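Quick notes on the structure that follows.
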Amino acid sequence: MLGGIEPLIYLKLMKKGFLAKIFFVTVLVALLSYFSYITFVLVTDQLHMEKTAYRSEGTVVSFPIRKSLLKLRHGVMTNTNYFTNIQYVTKEGETRIFTSYLASSKPAYSIGEKVKILIPSDGGDPQVDSFTASWVGPIILGVFVLLNLLILLYTIYRFYLK
C-alpha cells in the first residue's frame, strides 16, 4: 500500500505524455553524445595530422568523375561530382597519386596546378592542405552538437522546469 507522498509522485509520473517526454529527451541525449564523439574524433585526428604530417606540394593530374542519379517525383536528376587526382613525390623519392576525398560540381583546380598537401608520416592517405579539407567537417558537426545541446536544454526547461 502506498502511503504518504508516494501517491502524489506516482500520479505526477503517470501524467499524460510523460513517457513520450522521457523518450524524446533520451533520443536528444543519444544524438548529442554521438555527434560529440564523432566531432572529438575528427578534431583529434586532424590535430594529429597537422602535428605529425609533413607538408609537400603535388600536381593536379586528372579529375575522376562520379555521377549519381536522384529519383524525383517527376523524373531523374543527374549529379556530376569531380574529384581531384594529385601526383606527389614522397620523402623517399617515390611518385604516387592520390584522389582527394572532397568533390565539387565543377573542378576545383586546373590540370597541372600545384597544390599544397599534407602527407602523414605513418604512411596514411595524404590530404589537400586547405581549411576546407581540414576543418569544415568538424565545424559542421560541432554546429550540430551545439544545436542539439540547445534543443536539449530548452526541452528540459520546457518539460521539467516550467
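Every read-out reported here was derived from the displayed coordinates using simple, explicitly stated rules and does not represent laboratory data. Note that the coordinates shown come from a computational prediction; the quantities given were computed from them, not determined experimentally. Don't worry about glycine lacking a Cβ; one is built from the backbone with ideal geometry, like all the others, and counts go over all protein chains shown.
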Semi-axes of the equivalent ellipsoid for region 54-119, Cα gyration tensor, largest first, Å: 32, 10, 9
Residue-by-residue Karplus 3J(HN,Hα) for region 80-86, coefficients 6.51, -1.76, 1.60, Hz, glycine and proline x: 10, 10, 9, 9, 10, 8, 10
Point-to-point label distance, residue 154-residue 65, nm (Cα→Cβ direction, 7 Å offset): 4.4
Selection from 39, 18, 130, by position along the positive dipole direction of the chain (Cβ): 18
Lys, Arg +1 and Asp, Glu -1 on Cβ, resulting dipole of the chain about Cα centre, debye, nearest 20: 1040
Top of 141, 69, 19 by mean-square fluctuation, Gaussian network on the chain, Cα under 10 Å: 69
Under 5 Å, built H, 5+ apart or other chain: amide partners of residue 62: 85
Sorted peptide list for 97-103, 72-78, criterion being average Cβ within 10 angstrom, highest first: 97-103, 72-78
Ellipsoid semi-axes in whole angstrom, largest first, where each is sqrt(5λ) of the Cα gyration tensor of the chain: 50, 22, 11
Greater than 23 Å apart at Cα, pairs in 51/116; 67/91; 91/116: 67/91
Filtered GluC sites (Glu not before Pro), region 88-155: DSSP coil and at most 12 other beta carbons within 10 Å: 92, 94
Charge tally in the Cβ shell below 15 Å around residue 101, where Lys, Arg are +1 and Asp, Glu are -1, residue 101 excluded: -2
Relative contact order, percent, region 40-154 [alpha-carbon distance under 8 Å, six or more residues apart]: 27
Amide H within-cut-off set for residue 129, under 5 Å, with H built and near neighbours excluded: 116, 117, 118
